[in-house]
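Here's the structure we're looking at; comments come further down.
The values are calculated or read from the model by the stated rules, or taken from the named source; none is laboratory data. Predicted model only: the values in this text are computed from it and were never measured. With ideal geometry, Cβ positions are generated from the backbone for all residues, glycine too; neighbour counts draw on all protein chains shown.
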Amino acid sequence: MSALPWLSPERVARLEAALAARILVLDGAMGTMIQQHELGEDDYRGSRFAAGFDAQAVSDHAHGAGCGCAHDQKGNNDLLSLTRPDIIRGIHRGYLDAGADLIETNTFNSTTISLADYGLEHLARELNETGARLAREACDAAEAVTPDKPRFVIGVLGPTSRTASISPDVNRPGFRAISFDELRVAYREATDGLIDGGADAIMVETIFDTLNAKAALFAIEEAFDARGARLPIMISGTITDASGRTLSGQTAEAFWYSLRHARPLSIGLNCALGAKDLRAHVDILAQIADARVSAHPNAGLPNAFGGYDESPEDMAAVLHEFAASGLLNVVGGCCGTTPAHIRAIGDAVAGLPPRPLPSTNEAEAA
């Protein structure tokens with residue numbers, strides 16, 4: 001078997017050509033769309049993980065290892081790739097119909113670290129491979145209809161539920177709940193699954209801790225070295241509040257310089273803030289990065305009920321200004337965004353030129 005059996009060099013070249021020609025549109029929120037289905041515990045479990053008994057009274061070991069029986073699965077959105085693939089296919093199709101060029105895999109929490117919350121660590125490789133395959137099938141079907149507009153699968157590696165830089169215990173500042181090597185091993189397994197499932201690129205996203213991201217990037221490079229081939233890498237951090245810093249304390253500028261060694265296809269920001277609040281930080285990246293710049297913000301800030309109120313039209317107007325100011329190569333949406341948001345954003349940036357990719361000397365001079 002070849003290193004990347006489904007991918008040809010021409011496909012990477014098509015992605016590069018598309019980025020040079022126009023601003024590419026990333027899809028919107030997976031979780032927001034799943035919530036609209038109002039799924040219950042049985043939907044998440046499906047027949048494969050059906051409990052059929054009091055999950056609080058019986059352990060996984062007693063019932064049979066690997067069923068996740070001692071844990072509620074409602075909210076484990078990545079599991080739906082196995083138990084309700086029809087829903088995940090439909091969400092991908094909705095974003096493709098709305099004009100998305102780039103489709104993210106339903107794998108945000110598909111590492112052994114995050115899946116431990118559900119007692120399903122053993123599914124990490126399968127969930128990543130299946131998540132990538134579902135996105136691959138959706139993109140291939142859309143591309144077959146309009147072959148002049150290629151669609152690309154973005155394999156997602158989320159931040160995990162732990163941080164390597166900060167102690168979770170205020171009374172023990174030196175304590176860490178996770179090590180670099182533990183993160184590296186988990187990310188390597190997930191990366192291999194994404195590659196085998198058919199990802200066109202790997203995105204390390206919603207990065208709140210740069211050390212976590214470094215572990216992910218190390219693992220990705222290990223996977224590439226083992227196969228003797230590479231995929232493009234995309235990086236997207238999250239500014240957590242008005243301080244303009246990630247949770248581990250970095251500004252957007254420091255974030256770029258900490259990770260530029262990975263030679264990413266793109267660097268950007270997503271989640272936590274709405275587009276208006278991200279603008280200054282995206283601008284900084286656009287000034288200094290010798291990679292493409294991406295932004296997929298939330299639909300505004302969450303309201304008192306945890307929802308998002310920014311309309312497709314309002315969000316599109318703000319992101320139009322980003323693009324008109326020459327800040328963007330990739331644009332999409334995060335929490336609270338729907339196909340209606342993605343369609344409006346795509347329409348708003350259509351015809352506007354992508355941010356020119358500066359030379360290394362120009363970027364360093366900035």
Count, please, the residues in the stretch 152-187 that happen to be under 21 Å from residue 30 (Cα atoms), crowded, with 17+ Cβ neighbours inside 10 Å and small (Gly, Ala, Ser). 2
So which of 332, 326, 307 ends up being closer than 15 Å to residue 28 by Cβ and over 19 Å from the mean Cα position of the chain (by Cα)? 307
Hits in the stretch 154-175 - residues which are modelled with pLDDT under 95 and in contact with a Phe, Trp or Tyr (Cβ under 8 Å, 6 or more places away or on another chain): 163, 164, 167, 168, 169
Would you mind telling me which numbered condition in (1) surrounded by fewer than 23 Cβ atoms within 10 Å (Cβ to Cβ); (2) out of contact with any strand residue (DSSP E or B) (no Cβ under 7 Å at 6 or more places or on another chain); (3) within 17 Å of residue 164 (Cα to Cα) residue 206 fails? (2)
Just checking, does the stretch 53-68 include any residue being surrounded by fewer than 16 Cβ atoms within 10 Å (Cβ to Cβ) and at pLDDT 95 or above? no
Matching entry among 213, 262 (being closer than 23 Å to residue 359 by Cα, in contact with a helix residue (DSSP H, G or I) (Cβ under 8 Å, 6 or more places away or on another chain) and either modelled with pLDDT of 95 or more or surrounded by 17 or more Cβ atoms within 10 Å (Cβ to Cβ) (or both)): 262
Scanning the stretch 228-266 for residues that are among the hydroxyl-bearing types (Ser, Thr, Tyr) and part of a loop (DSSP other than H, G, I, E, B), which turns out nearest to the chain's Cα centre (by Cα)? 238
Within the stretch 234-245, track down each residue that is free of Cβ contacts under 8 Å to residues at least 60 places away in the same chain and crowded, with 24+ Cβ neighbours inside 10 Å. 235, 237, 239
